[in-house]
Amino acid sequence: GLQPGYMSPMGADKPDNETFFVLVDPSAMNVPNGVTGANKAGYHYQNVNPSRDFQNVTVTTIRNMVAGDSCPHCGAPVEIVRGIEVGQVFELGTKYSEALHATFLDQNGKAKPYVMGCYGIGVTRTIAAAIEQFHDEHGIMWPVAIAPFEVAIVPVSSKDQDQVRIAGDLYQALKAAKADVLLDDRNERAGVKFNDADLIGYPVRVTVGKKSAAEGTVEIKIRRTGEQEVVAIDQAVARVQEILADLRSKNM
Ligand SMILES: [Zn+2]
């Protein structure tokens, strides 16, 4: 009996049809002298007062909560924040233990099915959530704990034998020191390698350049903060470990 374009809760109740019902938000119930359709094409009702004119309706809060609404439990204003589900728990009860006859003996020596639960942690969504929170316009800024590699060594020129040797030695030394290290030995321009290092987001980058052979130094860059420092090659392993420990301690 509803007329599209002129629908109304008035005269819409169909007692013979149990699947038909009208839900009204409490705020709508308080509208004074409102207008509704009349369930007849081209007609409306004026001066509708829901508490007087609506019959057989269920009054319930049906709209989405918005920031500032009162908490239904304590009345305090609600604050809305974004979240992401990284895991979940399920209560399985005895459904599977009964089916599998998985039992234990209780204090009376009677066999009882285990009460089971399970949990899951979404690995891929955790990765996605971490990237969502830790990135900038250049790419990912991995927290050390989940970085694919903790430190990347980038020789500026893969054709410079001194740079290749120093980078290779540093790579072996960091590996021996149990650092999770990557050596970018691709024959690419320095800019490409730097951009890729930022994009992939290794927490620490060690750059081996012309000065490494000439002055015995390398440059260390922290991806998260952008801080750079120049250290002596023989200090590099200790300094990288120090930086990684510091980042870890700050959950960075
Ligand atoms: Zn509350």
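List of remarks:
- With a cut-off of 13 Å on the backbone N, the residues of region 218-244 near the modelled label site 7 Å out from residue 136 along Cα-Cβ are 221-228.
- At q = 0.09, 0.16 Å⁻¹, base-10 log of I(q)/I(0) for the chain (Debye sum, equal scatterers on each alpha carbon): -0.72, -1.11
- FRET efficiency, residue 250 to residue 228 (Cβ-Cβ, R0 30 Å, nearest 0.05): 0.95
- Relative contact order [Cα under 8 Å, 6+ residues apart], the chain, whole percent: 12 percent
- Separation of the residue 96 and residue 79 label points, Cα + 7 Å toward Cβ, nm: 3.8 nm
- Loop GluC sites (Glu not before Pro), region 59-119, which have at most 14 other Cβ atoms in a 10 Å radius of their Cβ (DSSP): 79, 85
- Between the amide H of residue 24 and those of 58, 59, 60, distances stay under 5 Å, these residues lying 5 or more places away or on another chain, with hydrogens modeled in the peptide plane.
- When each of 36, 19 is scored by the number of other beta-carbon atoms lying within 10 Å, the sequence from fewest to most is 19, 36.
- Per-selection Kirkwood Rh - region 59-202 (Cα, Å, 1 d.p.): 21.3 Å
- Modelled FRET efficiency - R0 35 Å, residue 67 with residue 119, Cβ distances, 0.05 increments: 0.65
- Selection from 149, 127, 249, by position along the positive dipole direction of region 97-252 (Cβ): 127
- When you filter the chymotrypsin sites (Phe, Trp or Tyr not before Pro) in region 38-137 for DSSP loop state and at most 12 other Cβ atoms inside 10 Å of their Cβ, you are left with 43.
- Low-density loop cleavage sites - GluC sites (Glu not before Pro) in region 115-205, where at most 15 other Cβ are within 10 Å (DSSP): 137, 188
- Euclidean distance of C-alpha centroids, region 83-162 and region 178-205, integer Å: 26 Å
Throughout, read-outs are computed from the coordinates displayed, never taken from laboratory work. A quick note: this is a predicted structure, and the numbers were derived from the prediction, not measured. So basically every Cβ, Gly included, is an ideal-geometry build from the backbone, and we count neighbours across all protein chains shown.
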